[in-house]
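The structure appears right after this line, and notes come after that.
The values are calculated or read from the model by the stated rules, or taken from the named source; none is laboratory data. Please read these numbers as outputs of a predicted model, since none were measured by experiment. Cβ atoms come from the backbone with ideal geometry, glycine included; neighbour counts cover every protein chain shown. Surface areas here come from the heavy atoms of the whole protein model, side chains and all, with no ligands, DNA or RNA. Shrake-Rupley method; radii C 1.70, N 1.55, O 1.52, S 1.80 Å.
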Amino acid sequence: MNGHSPPVYVHAGDCWNAGKRSKGIDQEQARRALADGVKACPHCRPDSALCMLD
């Protein structure tokens, strides 16, 4: 929330739920964040789009 907080969710680029404080990252950064434990947004499912389902 303060610019130094860890990310809460990874969103797909067109997610309606991303919010104003979201910043864009590339696909490799998104894969790394998901692998490091950042949760995938339950609405846009970027883990599915990136073929990273469990």
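So in the range 1-22, with the set limited to residues that are over 18 Å from Ala49 (Cβ atoms) and not hydrophobic (A, V, I, L, M, F, W, C), which one is most open to solvent (accessible area, probe 1.4 Å)? Among residues in the range 1-22 that are over 18 Å from Ala49 (Cβ atoms) and not hydrophobic (A, V, I, L, M, F, W, C), the one most open to solvent (accessible area, probe 1.4 Å) is Lys20.
Applying the set (1) touching a residue at least 24 places away in the same chain (Cβ under 8 Å); (2) out of contact with any strand residue (DSSP E or B) (no Cβ under 7 Å at 6 or more places or on another chain); (3) of a type in the set (D, E, K, R) to Arg32 leaves exactly one unmet item: (1).
Reported count of residues in the range 27-41, each being in a loop (DSSP other than H, G, I, E, B) and either touching a Pro at 6+ places or on another chain (Cβ under 7 Å) or open to solvent by 80 Å² or more (accessible area, probe 1.4 Å) (or both), is 2.
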